[in-house]
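Visitor: Pasting in a structure now, in structure tokens, and then I'll have a few things to ask.
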Amino acid sequence: MAEIIVKNGFVIDPARKIDGDVADVAIKDGKIVDKVGSGAKVIDAKGKVVMAGGVDVHAHVAGPKVNVGRLFRPEDKLFKSPMAQDKFRVESGFSIPSTFKTGYDYARMGYAFVMEAAMPPLHSPHVHEEIHDTPIIDEGALPVFGNNWFVMDYLKKGEVENTAAYIAWLIKATKGFGVKLVNPGGTAAWGWGLNCLSLNDPVPYFEITPAEIITGCLKANEYLGLPHSVHIHQNNLGNPGNYQITIDSLKLAEGIKPKNKFGREQVMHSTHIQFHSYKGSNWGDFESGAKEVMDYVNKSKGLTIDLGCVTLDETTTMTADGPFEHHLNGLNHLKWANVDVELETAAGVVPYVYDPNIKVCGIQWAIGLELGLYAKNMDRTFITTDHPNAGPFTRYPRVIKWLMSKKAREATLNSLKHKDKVIDATHIHGIDRELTLYEIAQMTRSGPAKCLGMSNIYGGLAPGMNADVAVFDLNYKNMPSDPEKIEKAFQRAACFIKSGEIVVKDGEVLDHGHKRTVWVNVKMPENPQVKRDIAQSFTKDYTVGIDNYPVRDYLVPHPFVIDVNVEA
Amino acid sequence: MATVTLKPTKVPELMLEGYTISPDTFAGKTPAQIAGLEGREGKIKVKLGDFFEVSGSPGKTATETDIVIAGDCSRVKYIGNKMTAGSITVNGNADMYVGGWMKGGRIHVTGNVHSFCGIAMEGGEILVDGKAENYVGCAYRGDWRGMRGGTIRIKGSAGNDIGTFMLGGTIIIEKDAFIHVSTHAEGGTVIIKGDVEGRVGGQMVKGDIFVLGKIKYMLPGFKKIATVEKEVDGVMATFDHYIGDLGERHPKSKGKEIFANLYVKAAA
Amino acid sequence: MPKLITQVGCPYCGSSCDDIEVLVSDDGTKILEVHNACIIGTNLFFHANDSTRPMLPRMRQPDGSMKEISFEEAVDWTAKTLLAAKKPLIYGFGSTNCEGMSAVGRVAEKSGAVLDNCASICHGPSFLAIFDNGYPSCTLGEVKNRADVVVFWGCNPMHAHPRHTSRYSIFPRGFFTQKGQMQRTIISIDPRQTDTAKLADIHYMLDQGHDYELFDAFRTVLRGHDIPDVVAGCKKEDIIRGATAMKKARFVMIFFGMGCTHTDGRNHNIDIAISLTRDLNSYTKASIMAMRGHYNIAGPGQVWSWQFGFPYCIDLSKGTHAHMNPGETSSIDLAMRDEVDCFVNVGTDAGAHWPIDAVKHVKKHPFITIDPNYCMASEISDLHIPVRIAGVDEGGVVYRMDNVPIQFKAVLKGLSGVPSDEELFDMIYERMCQLTKTEPVWLAAKEDRKYPVKV
């Protein structure tokens, strides 16, 4: 591979506490190095910002429910698909782009790694088929565990070790990355059309509570010492008054210590927390609970969060929180898709229009930004839109603009039909904070990489790390007064080098690069009981054979495997 | 007003996608420029001039532009696509998507039209002297926002799926229709002057349907509540007033459920 | 020693059973025994033993006869024909793996083709209903483990999906359904006295073509309104009895088939069935599922949705974006309206399944069949290219009717020199790139793809 040197840019690398120093970044054989020879290809970054490739900790980009969204929304493509360029595959879709467009769009924004946020284990070959068809970006996928029969069964009996052994087996079988919980217990209850709206609602038949599932999985995750912590979508998402249950479930992480060899400090990642920070008792007196939630998060070391910002677009909601999507469908009466997955999970998909003319949507928009603006530790607070739930990932640059510019926030606030009511129900109007480029780099690079236990690979520009380097057309010393220019700069990177190859130049994709699938291989001593339980369940309860369940190697042709060794 | 005349000179081998045939695109252009406008025949980029002789000249704006197609367009799709003003007259038949996504202006087809006439229309008028195939004034696949405004008048008969997901505007079919009228509609008015086979107002939430002929198979979800006198398209008549679809959800206004209305001309 | 291969997937119906056991000859070229499969599945496996299977492409000669040619010539002719056509139609994919469906995407983009699959003449109306109204569904294991009221509407699995009822829907003893059939109420809605109807606790023998009215009646009754004494030939009290059974169930499962999708109203029959399913979820748990026909006919819907955003009827002729509107871009409509000028029939038999008039229209232009076997389409083609049989001598991912991906394995060694669908499409694509002097677009992930066998 050729040598490249990115010269004279303003380097922002929070992983090494570098904030705007003018420096060169040298690249050789796909890695960042100290220096390169004089023959290296020169990228002139003078007057521009240089950051590591972006790391997305949570997005729904591949798999069955994403594809249901694509399939059942032809109108998401109508007049909205960009023109294909020569040498590239056709791009389709706005809120749920095709796999090709997903890869190209992330690359255009300078993103190197994206975590698919919810993989139904039974459908893991599908998830990997899609990842395989998504160009450029590296991806991993989190299998869901929070409503899994094995997990509930073992934890009901208090068997953390067996739970851990099962988790290890499933992550390996699905070539997954970590432990995702979605509405723990609630989605299992949805198998009978029910839900668990509090932490103490027992799951029908399994007689275990969401609190017990969460605590058990936290323990099992640290027992295994996985790179990532438990990654949770809490119960009672999207309902007024849910901020209290959110804080209560965050509290379950107290007293659990991170145990891993990957530099991860948190034991729980609480995702798209915007949807969980609602006060009020109904949609009429609905208001922001961002302050209360962030007061707790700011003082708790064992937590990381991502925002899940509402971007005021027409989008497609999709989650393994099956009962929530059913509930949402009852509110907006649009089409509703649902997939209950035997023994494991469920998923729902409903289109949604975050209409700036609707008060609640304006409040949701404000809450997402408030959470980011109230955050004290930006290395533990990440930018997401829970793509595509609160908005498509292609709106990250807009979220960055809002976070960096009070002027931009006020402009949007002024465009809301119920501006005054939104101001009354939120804090946004009174917040003057404007985040810096350094803080944005923490929230999109160093922070999420560390949270995923991959801070030695992604999210920084130290020698030895993966050569993912993004150049943005922003002058660090002389930031534009027009916030639109910030959005524009982050929408289309001036240059993006992925694994040492120039894949984007002047905002246009040049090359398909070399994508990889990152998965975690947990090696631990055989657990005969768990092995027997799995075998028995495949004979009796599943409808596929155990031979045909684990993802075959050829479906993941470019693996990057992180080994975890668990001692007996 | 200024008139541009397109005289068909060649029948496309496949179908011509004439999405540039609209006052909005023609306005302010010379005949030569119009002849050079793009169309598609399969993957081949063609020019309107390959299929039409262009004469006359358009106005400066769409509003001031009338287009006359002096001949048959049975193999031309997308006439008047997304147009906002001005007029188009087709002296003959036209293929699919006449007045698709139209926002304003007038289209008059003297012959028949194929399917998807007035799909997702927002405003303006479409008049068809002949008959229409399926999907008059329907929504695009998957979209819950169908026809929102404007008027479509088909002087002949129409096929199935009339006004699917309709939200507003008026569709008048002067002769018979087959099945599925205003399915999933949440507004708008459909008037069928002839007979309908059945499935009128299925899954309908709100809106009005008038049938001046007979409905062969009534849906079980419609219930007769009254007999009323109404004026429809300039004619007074006595109608049996049904509400429905009782199987579907309905919004409430001031505590009362709002149903869709189906008026069927009462037997004399 | 013959080898017994277990947990083999069956390349027949949408049940995609993966518990088949196949005894294969020592040299891996002959199937000796097949266990667990239904009679049709069994025969599909044995069919692979047929020594007369085509091994080389055959090209129509000026005198009308077919002559064997090399794969290289066949690839070249196909590439040139696709490039020369203004709007080719590539149709089929009822019986192949997802790898082939993925590879054909490149060929279709490069040739500006319309890409369509057998759903177009089968469960296409179900897609239209899903676009308009969603799809509250589940995997088949949920049916086995939970369902206590199972509705078969316009479908007859006892004949069309022979092991469906024993593996998933009527007989199996599941986790919460330990008593199996005893615990399930079976409702059949069919104008005919089918073998599935004979198993039913309630059989509605409705008037043919009036499914929509009957669904509307169920919905109206569920909302507490009155209905006429007879709807679609069914008595009011029977309708109320069925509606009550569904409402009181713990888990209602509605399976529907061609009886709904190919009678008047088509998509609307499915659409209102989806509405009924949604309504039932206000009282209990309910799910709905299309009885997809072939073992991987759900596959193209998945693969093409992630590649292009649409499951079928995908018009790529613009080169800049994909367009879909069944009624316009659906195979039969395109054929009948003379909108295509080249036809490629892949892994299906358009000659047998299409209306004869539609076949006559596409027959005016170059007609290519890609299929492991001789079929009606292959015999009227200008070119027939044989490929390996997905699920027998070629593995790969297939999607079961509930969209669960199942990784099928090959049980036989492939015929020497005969490529898989994927390999063939990649060869055609590369040839098209050579002819147009353009660089092929392989995503990085394709770099070490299983490369075509040397031919």
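Visitor: Condition first: under 14 Å from A:ILE502 (Cα atoms) and β-branched (Val, Ile, Thr). Now tell me which residues in the stretch A:1-37 satisfy that.
Guide: Quick first cut of the stretch A:1-37, residues under 14 Å from A:ILE502 (Cα atoms) only: A:1-6, A:25-32.
Scanning the stretch A:1-37 gives A:ILE4, A:ILE5, A:VAL6, A:VAL25, A:ILE27, A:ILE32.
Visitor: Still on this model: Pull out all pairs, ordered by first then second residue, where Cβ-Cβ is under 7 Å, the residues are six or more apart or on different chains, the first lies in the stretch C:214-229 and is within 7 Å of chain B (Cβ to nearest Cβ) and over 13 Å from C:ILE274 (Cα atoms), and the second is among the aliphatic types (A, V, I, L, M) and in a helix (DSSP H, G or I).
Guide: Close Cβ pairs satisfying both conditions: C:ALA217/C:ILE239; C:ILE227/C:ALA217; C:ILE227/C:VAL221; C:ILE227/C:ILE239.
Visitor: Another question, if that's okay. Can you run down the residue pairs with Cβ atoms below 7 Å, 6 or more apart or on separate chains, where the first is in the stretch A:540-568 and within 8 Å of chain C (Cβ to nearest Cβ) and the partner is surrounded by fewer than 15 Cβ atoms within 10 Å (Cβ to Cβ) and assigned to a loop (DSSP other than H, G, I, E, B)?
Guide: Between residues of the stretch A:540-568 that are within 8 Å of chain C (Cβ to nearest Cβ) and residues that are surrounded by fewer than 15 Cβ atoms within 10 Å (Cβ to Cβ) and assigned to a loop (DSSP other than H, G, I, E, B), the close pairs are A:PRO557/C:ASP448.
Visitor: I'd like to check something: does the stretch A:33-49 contain any residue that is at negative phi and free of Cβ contacts under 8 Å to residues at least 24 places away in the same chain?
Guide: First, the residues of the stretch A:33-49 that are at negative phi: A:33-46, A:48-49.
Within this subset, residues satisfying the condition of being free of Cβ contacts under 8 Å to residues at least 24 places away in the same chain are A:35, A:38.
Within the stretch A:33-49, one or more residues are at negative phi and free of Cβ contacts under 8 Å to residues at least 24 places away in the same chain.
Visitor: Got at least one residue in the stretch B:181-196 being in a strand (DSSP E or B) and basic (Lys, Arg)?
Guide: Our first condition is that a residue be in a strand (DSSP E or B); within the stretch B:181-196, this holds for B:181, B:186-192, B:196.
From the residues that got through so far, the ones that are basic (Lys, Arg) too are none.
Within the stretch B:181-196, none of the residues are in a strand (DSSP E or B) and basic (Lys, Arg).
Visitor: Restrict the check to the stretch A:426-433 and report whether at least one residue is surrounded by 21 or more Cβ atoms within 10 Å (Cβ to Cβ), over 26 Å from C:TYR135 (Cβ atoms) and more than 14 Å from chain C (Cβ to nearest Cβ).
Guide: So far as the stretch A:426-433 goes, yes, one or more of its residues are surrounded by 21 or more Cβ atoms within 10 Å (Cβ to Cβ), over 26 Å from C:TYR135 (Cβ atoms) and more than 14 Å from chain C (Cβ to nearest Cβ).
Visitor: Further, regarding this structure: Hey, A:HIS429 hits all of (1) more than 21 Å from the chain's Cα centre (by Cα); (2) in a loop (DSSP other than H, G, I, E, B) but one; which does it fall short on?
Guide: It is condition (2) that A:HIS429 fails.
Visitor: Kindly list, by first and then second residue, each pair from a residue in the stretch A:441-461 that is farther than 10 Å from A:GLY53 by Cα to a residue that is assigned to a helix (DSSP H, G or I), limited to pairs with Cβ atoms under 6 Å and residues at least 6 apart or on different chains.
Guide: These pairs meet every condition: A:GLN442/A:PRO14; A:GLN442/A:MET378; A:GLN442/A:ASP379; A:MET443/A:MET378; A:GLY447/A:ASP379; A:SER455/A:ALA449.
Visitor: Based on what the data block shows, is A:GLY507 over 20 Å from A:ASP13 (Cβ atoms), in contact (Cβ under 8 Å) with a residue 60 or more places away in the chain and in contact with a strand residue (DSSP E or B) (Cβ under 6 Å, 6 or more places away or on another chain)?
Guide: The answer is no for A:GLY507.
Visitor: Right, something else. Could you list, in sequence order, the residues of the stretch B:131-160 that are more than 14 Å from chain C (Cβ to nearest Cβ) and assigned to a loop (DSSP other than H, G, I, E, B)?
Guide: B:LYS131, B:GLY137, B:MET147, B:ARG148, B:GLY149, B:GLY150, B:LYS155, B:GLY156, B:SER157
Visitor: I'd like the full set of residues that are surrounded by 24 or more Cβ atoms within 10 Å (Cβ to Cβ) and either at the interface with another protein chain (Cβ under 10 Å from one of its Cβ atoms) or in contact with a strand residue (DSSP E or B) (Cβ under 8 Å, 6 or more places away or on another chain) (or both), limited to the stretch A:353-369.
Guide: A:ILE363, A:ALA366, A:ILE367 - these are the residues of the stretch A:353-369 that are surrounded by 24 or more Cβ atoms within 10 Å (Cβ to Cβ) and either at the interface with another protein chain (Cβ under 10 Å from one of its Cβ atoms) or in contact with a strand residue (DSSP E or B) (Cβ under 8 Å, 6 or more places away or on another chain) (or both).
Visitor: Shifting gears a bit: Taking A:VAL36 as the residue in question, decide whether it is modelled with pLDDT of 95 or more, within 29 Å of A:LEU452 (Cβ to Cβ) and of a type in the set (Val, Ile, Thr). Write out each step before concluding.
Guide: Numbers: modelled with pLDDT of 95 or more: yes; within 29 Å of A:LEU452 (Cβ to Cβ): yes; of a type in the set (Val, Ile, Thr): yes.
Judged against the criteria, A:VAL36 is a match.
Visitor: Also: Identify, by number, the condition in (1) within 14 Å of chain C (Cβ to nearest Cβ); (2) under 30 Å from C:GLU21 (Cα atoms) that A:GLU501 doesn't meet.
Guide: Failing condition for A:GLU501: (2).
Visitor: Then there's this: Select the helices (runs of 4 or more DSSP H) contained entirely in the stretch C:261-345, then report the ones holding at least 2 residues which are in contact (Cβ under 8 Å) with a residue 60 or more places away in the chain and under 25 Å from A:ASP133 (Cα atoms). First the steps, then the outcome.
Guide: On the way: elements: C:267-280, C:298-308, C:331-336.
In the stretch C:261-345, C:298-308 are the helices (runs of 4 or more DSSP H) which contain 2 or more residues that are in contact (Cβ under 8 Å) with a residue 60 or more places away in the chain and under 25 Å from A:ASP133 (Cα atoms).
Visitor: Within the stretch A:278-301, how many residues are in contact with a helix residue (DSSP H, G or I) (Cβ under 9 Å, 6 or more places away or on another chain), among the polar types (S, T, N, Q) and farther than 15 Å from A:GLN364 by Cβ?
Guide: Qualifying residue count, the stretch A:278-301: 2.
Visitor: Something else about it: If a residue must be over 30 Å from A:HIS132 (Cβ atoms) and either within 14 Å of chain C (Cβ to nearest Cβ) or part of a helix (DSSP H, G or I) (or both), how many such residues does the stretch A:164-187 contain?
Guide: 1
Visitor: Which members of the stretch C:240-253 meet the condition of being buried (at least 24 other Cβ atoms within 10 Å of the Cβ) and β-branched (Val, Ile, Thr)?
Guide: C:VAL252
Visitor: May I pose another question? Only one of (1) in contact with a His (Cβ under 9 Å, 6 or more places away or on another chain); (2) buried (at least 24 other Cβ atoms within 10 Å of the Cβ); (3) part of a helix (DSSP H, G or I) is not met by C:THR42, so which one is it?
Guide: Just one mismatch for C:THR42, condition (2).
Visitor: Still on this model: Checking the conditions here, which among C:ARG241, C:ARG173, C:ARG167, C:ARG184 is of a type in the set (D, E, K, R), without any contact (Cβ under 8 Å) to a residue 24 or more places away in the chain and more than 14 Å from chain B (Cβ to nearest Cβ)? Don't jump to the end; show me each part of the working.
Guide: Values: C:ARG241 fails: without any contact (Cβ under 8 Å) to a residue 24 or more places away in the chain; C:ARG167 fails: without any contact (Cβ under 8 Å) to a residue 24 or more places away in the chain; C:ARG184 fails: without any contact (Cβ under 8 Å) to a residue 24 or more places away in the chain.
One residue alone meets the criteria, C:ARG173.
Visitor: Conditions: (1) touching a helix residue (DSSP H, G or I) at 6+ places or on another chain (Cβ under 7 Å); (2) farther than 26 Å from C:ILE170 by Cα; (3) of a type outside the set (Gly, Ala, Ser); (4) more than 8 Å from every other protein chain (Cβ to nearest Cβ). C:CYS118 meets all but one. Number of the miss?
Guide: Failing condition for C:CYS118: (1).
Visitor: Name the residues in the stretch B:225-268 that are within 14 Å of another protein chain (Cβ to nearest Cβ) and crowded, with 18+ Cβ neighbours inside 10 Å, would you?
Guide: Taking the stretch B:225-268 as the starting set, the residues that turn out to be within 14 Å of another protein chain (Cβ to nearest Cβ) are B:225, B:242-252, B:257-260, B:262.
Those that are within 14 Å of another protein chain (Cβ to nearest Cβ) and crowded, with 18+ Cβ neighbours inside 10 Å: B:TYR242, B:ILE243, B:GLY244, B:ASP245, B:LEU246, B:GLY247, B:GLU248, B:HIS250, B:PHE259, B:ALA260, B:LEU262.
Visitor: For the stretch A:179-204, give me the residue count where each residue is closer than 19 Å to A:SER229 by Cβ and of a type in the set (D, E, K, R). So that I can check it myself, show each step before the final result.
Guide: Step one: list which residues in the stretch A:179-204 are closer than 19 Å to A:SER229 by Cβ, which gives A:179-184, A:199.
Then keep just the ones that are of a type in the set (D, E, K, R); that gives A:180.
Going through the stretch A:179-204 one residue at a time, the tally reaches 1.
Visitor: If I filter the stretch C:252-291 down to residues being facing another protein chain (nearest Cβ under 8 Å) and of a type in the set (Lys, Arg), which single residue comes out as nearest to A:GLY330 (Cα to Cα)?
Guide: Among those residues, the one meeting the criterion is C:ARG278.
Visitor: Determine if the stretch A:516-536 includes at least one residue that is more than 30 Å from A:MET152 (Cβ to Cβ), in contact with a helix residue (DSSP H, G or I) (Cβ under 8 Å, 6 or more places away or on another chain) and crowded, with 22+ Cβ neighbours inside 10 Å.
Guide: Step one: filter the stretch A:516-536 for residues more than 30 Å from A:MET152 (Cβ to Cβ), giving A:516.
From the residues that got through so far, the ones that are in contact with a helix residue (DSSP H, G or I) (Cβ under 8 Å, 6 or more places away or on another chain) too are none.
No: the stretch A:516-536 contains no residue that is more than 30 Å from A:MET152 (Cβ to Cβ), in contact with a helix residue (DSSP H, G or I) (Cβ under 8 Å, 6 or more places away or on another chain) and crowded, with 22+ Cβ neighbours inside 10 Å.
Visitor: Moving on to the next point. Take the stretch C:134-150 and flag every residue that is under 21 Å from the mean Cα position of the chain (by Cα) and either over 28 Å from A:ARG70 (Cβ atoms) or facing chain A (nearest Cβ under 7 Å) (or both).
Guide: Keep residues of the stretch C:134-150 that are under 21 Å from the mean Cα position of the chain (by Cα), which gives C:134-141, C:143.
C:GLY134, C:TYR135, C:PRO136, C:SER137, C:CYS138, C:THR139, C:LEU140, C:GLY141, listed by residue number.
Visitor: Hey, among the residues in the stretch C:124-133 that are more than 8 Å from chain A (Cβ to nearest Cβ) and within 17 Å of C:PHE215 (Cα to Cα), which one's surrounded by the fewest Cβ atoms within 10 Å (Cβ to Cβ)? Break it down stepwise before answering.
Guide: The first filter runs over the stretch C:124-133 and keeps only residues more than 8 Å from chain A (Cβ to nearest Cβ), leaving C:124-126, C:128-129.
Pick out the ones that are also within 17 Å of C:PHE215 (Cα to Cα) and you get C:125-126, C:129.
Working: C:PRO125: 24, C:SER126: 29, C:ALA129: 29.
Looking at residues that are more than 8 Å from chain A (Cβ to nearest Cβ) and within 17 Å of C:PHE215 (Cα to Cα), I get C:PRO125.
Visitor: Then there's this: Need a quick list: helices (runs of 4 or more DSSP H) entirely within the stretch A:233-347 having at least 2 residues that are over 25 Å from A:ASP424 (Cβ atoms) and small (Gly, Ala, Ser).
Guide: On the way: elements: A:243-251, A:290-298, A:322-332.
The helices (runs of 4 or more DSSP H) meeting that bar are A:322-332.
The values are calculated or read from the model by the stated rules, or taken from the named source; none is laboratory data. Owing to the predicted nature of the structure, the values given are computational and were not obtained by experimental measurement. No Cβ is skipped: glycine too gets one built from the backbone with ideal geometry, and neighbour counts run over all protein chains shown.
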